[in-house]
1. Which one of A68, A46, A90 is more than 23 Å from R125 (Cβ to Cβ), touching a strand residue (DSSP E or B) at 6+ places or on another chain (Cβ under 8 Å), part of a strand (DSSP E or B) and of a type in the set (G, A, S)?
2. Being among the hydrophobic types (A, V, I, L, M, F, W, C), closer than 20 Å to S134 by Cβ, in contact with a Cys (Cβ under 9 Å, 6 or more places away or on another chain) and at pLDDT 85 or above narrows it down to one of V97, V64, V45, V37, so name that one.
3. Of the conditions (1) within 23 Å of V10 (Cα to Cα); (2) more than 13 Å from the chain's Cα centre (by Cα), L62 satisfies every one except a single condition; which number is it?
4. Name the single residue that is modelled with the highest pLDDT among those in the range 115-130 being surrounded by 15 or more Cβ atoms within 10 Å (Cβ to Cβ) and among the polar types (S, T, N, Q).
5. D80 fails exactly one of the following numbered conditions: (1) within 23 Å of C139 (Cβ to Cβ); (2) part of a loop (DSSP other than H, G, I, E, B); (3) more than 12 Å from the chain's Cα centre (by Cα). What is the number of that condition?
6. With the checklist (1) more than 28 Å from E140 (Cβ to Cβ); (2) buried (at least 17 other Cβ atoms within 10 Å of the Cβ) in hand, flag the one item V47 doesn't pass.
7. Would you confirm whether any residue within the range 24-33 is touching a residue at least 40 places away in the same chain (Cβ under 8 Å), of a type in the set (V, I, T), part of a strand (DSSP E or B) and within 19 Å of Q129 (Cβ to Cβ)?
8. Just to be sure I understand the filter: pairs with C-beta atoms under 7 Å, separated by 6 or more residues or on different chains, first member in the range 115-128 and within 15 Å of S104 (Cα to Cα), second member assigned to a helix (DSSP H, G or I) and of a type in the set (V, I, T). Which pairs pass?
Amino acid sequence: MDEYTGRIEVARSPAEVFAFLADIRNMPSYLPTVRKVGPLGPDRVAVEGEAEGHTYHDEGWLKVEAEAHRMRWGTQEDSDYHGELRVRDAGNGHAEVEVTLNHSPTGAQARRMQERSGSVGHDMRRSLQRALGSIKAACEAGAGAAAEKDTTRSADDLPDSRPFGSSATLNPDI
């Protein structure tokens, strides 16, 4: 399994940044392909969106560890896909966000990434940097207003399709 890590500094306090990112209702404001997200139960979520012209519905697990300012996610259907986000103090009242993705795309997904960026690894690193840029922009702009939108739905309201996580690596914007 391949691992990809990226970091970015955000001009907000670590507590503000983590609170914003840990609230799943804010996900659509920093992950461009995500349209709806909602809880399925303890540590379980459903995500709906569109990537590469195809709609998707993903289900997976999400663990928020508030004291450690850490979130971990993945899917049981694809044990080769999981990730972690950490928020740390970068000094001067700023936060550092670090994201690690573990995934080895194969088949058509890997071919698209190869065509788009020259290699799967380059596409994954580029996508991770775009996601970090979106996180920075959303946090620094005070995108908390996105949480006021009704972006949560029950799992029964979301159509079934793919396992959680597959969209993250198909998405050129994350």
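The values are calculated or read from the model by the stated rules, or taken from the named source; none is laboratory data. The shown structure was predicted, so the numbers you read here are calculated from the model rather than taken from an experiment. As a convention, Cβ positions derive from the backbone with ideal geometry for all residues, glycine included, and neighbour counts pool all protein chains shown.
1. Being more than 23 Å from R125 (Cβ to Cβ), touching a strand residue (DSSP E or B) at 6+ places or on another chain (Cβ under 8 Å), part of a strand (DSSP E or B) and of a type in the set (G, A, S) holds for just one of A68, A46, A90, which is A46.
2. Step by step, each of V97, V64, V45, V37 is checked, and only V97 is among the hydrophobic types (A, V, I, L, M, F, W, C), closer than 20 Å to S134 by Cβ, in contact with a Cys (Cβ under 9 Å, 6 or more places away or on another chain) and at pLDDT 85 or above.
3. Exception for L62: condition (2).
4. The qualifying residue modelled with the highest pLDDT is Q129.
5. If we test D80 against (1) within 23 Å of C139 (Cβ to Cβ); (2) part of a loop (DSSP other than H, G, I, E, B); (3) more than 12 Å from the chain's Cα centre (by Cα), just (1) comes out false.
6. (1)
7. Checked the range 24-33: no residue is touching a residue at least 40 places away in the same chain (Cβ under 8 Å), of a type in the set (V, I, T), part of a strand (DSSP E or B) and within 19 Å of Q129 (Cβ to Cβ).
8. Sorted first by the residue in the range 115-128, then by its partner, the pairs are M124/T169.
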